[in-house]
Amino acid sequence: MLSGFVLVLVEEAGVPVPIPGDFLMLALGVHARRGSVALWQVLLVLEVATLLGASILYFVTARAGRTLVYRYGRYIHLTPERLERAQRWLERHGTLAIVAGRLTPGLRMATVIACGVFNVPFWRFLPGLAVGGLLYILLYTLLGYFLGPAVLDVVEGIHLPLGLLGSLVPLVVIVVWIARARRGLQLAVHTEASVVDRRHRWRDGAVAGALATLVSTLALNVLVHLGGDLALLAPGDLVEQTRARLAVLALLRVIGPVLLLAAAPAFMAVGVIWGAVYAEWVEPHVHYPDWLSGLAFALLPLGIALVIVLPLVDGASPELGRLGPLAGASEAIRHVVYGVALGTIYPLRLARLPQRLRGGSARLPAGAAQATP
């Protein structure tokens with residue numbers, strides 16, 4: 001129950017996790033039918049987790065989301081006109097629009113982000129979130145409760161594509177956004193972004209580190225889902241198979257689910273800190289193509305993960321056993337993607353500068369970014 005609370009909260013807060021919340025609701029419904037836990041307790045715990053997690057995402061996007069969406073949204077066809085139409089739709093339909101969005105597959109997170117971006121008052125947002133979230137929880141939990149293992153047997157046959165799409169779709173959206181943003185800013189392959197606005201580069205590096213962490217996590221989730229049924233999973237029910245996917249979250253078995261509330265933000269914070277380190281002390285002195293500069297830097301955190309972190313986790317939980325080469329390989333892949341993403345995203349900081357600074361040849365060395373005409 002506690003693990004379900006934590007994972008739903010983290011997922012609703014916008015942090016990608018390998019276990020979709022839908023499957024947790026189904027599984028908890030089955031446990032309620034078997035008498036392991038009271039049904040009302042399941043519904044209450046999941047509703048509270050949804051309210052807390054989605055509220056966190058709402059306040060984050062309310063504080064910083066609007067500027068980012070308006071600045072970069074045009075690169076994925078989210079024009080100001082479309083965003084304003086969405087704002088009017090939310091204002092016109094109010095709570096009903098929020099409830100409908102929370103019940104529509106693919107729009108649950110987008111609804112929360114839109115409410116934050118367009119400054120929908122929290123007193124209006126919260127009731128729609130509560131009603132929509134409860135209806136969604138009821139649907140999946142009661143399916144598990146009344147239909148039991150039969151539903152899980154059906155879901156087992158489709159969990160790979162559903163889980164895969166849950167990470168693949170946002171990953172593709174972010175990658176397309178990065179490519180369009182770089183093309184829109186006319187960035188060269190090698191962009192010495194740190195020569196401009198030096199006093200803010202650590203902050204922009206931290207933002208790039210957060211986005212790179214998100215990209216690397218999504219990419220690893222895609223690989224886990226693709227490889228899981230092919231090679232890694234032993235026969236068993238859905239819950240056990242889902243747990244078997246968590247090689248990259250082996251630390252959870254060691255620290256326990258309670259500390260996941262701190263571990264998930266800490267995981268993101270590590271990526272943010274490495275991004276700031278890259279921007280402040282590394283990027284100004286490395287003169288490779290952007291992606292290669294980030295990749296070269298990622299060898300440092302990868303070395304720390306392989307030499308210090310994994311040996312500490314390896315064997316710390318008896319039921320998990322030895323992690324083996326798979327854990328090291330997954331960390332290597334995650335850090336490679338993180339480094340490439342960090343090096344590619346960091347030069348987008350030039351978009352926040354006035355055009356006269358981005359376009360002045362005296363300010364930028366040869367091969368650096370030029371402003372869009």
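The values are calculated or read from the model by the stated rules, or taken from the named source; none is laboratory data. What you see is a predicted model, and the numbers here were worked out from it, not measured in a lab. A quick note on method: Cβ atoms are made from the backbone with ideal geometry, for glycine too, and the neighbour counts reach across all protein chains shown. SASA here: full protein model, heavy atoms, side chains in, ligands and nucleic acids out. Shrake-Rupley method; radii C 1.70, N 1.55, O 1.52, S 1.80 Å.
Side notes on the structure shown:
- Accessible-area ranking of Phe267, Phe23, largest first, probe 1.4 Å: Phe267, Phe23
- The modelled label-to-label distance between His200 and Glu280, using points 7 Å beyond Cα along the C-beta direction, is 1.8 nm.
- Å² per residue, accessible surface of region 179-220 at 1.4 Å: 42 Å²
- HN-Hα J in Hz across region 90-99 - Karplus 6.51, -1.76, 1.60, θ = phi - 60°, x for Gly and Pro: 5, 5, 6, 9, x, 4, 4, 5, 5, 4
- Of the peptides 279-289, 339-349, the ranking by mean beta-carbon count within 10 Å, highest at the top, reads 339-349, 279-289.
- For the pair Ala38 and Thr104, label points projected 7 Å from Cα toward Cβ lie 3.7 nm apart.
- A simple spin-label model places the labels of Val169 and Val48 3.0 nm from each other, with each point 7 Å out along Cα-to-Cβ.
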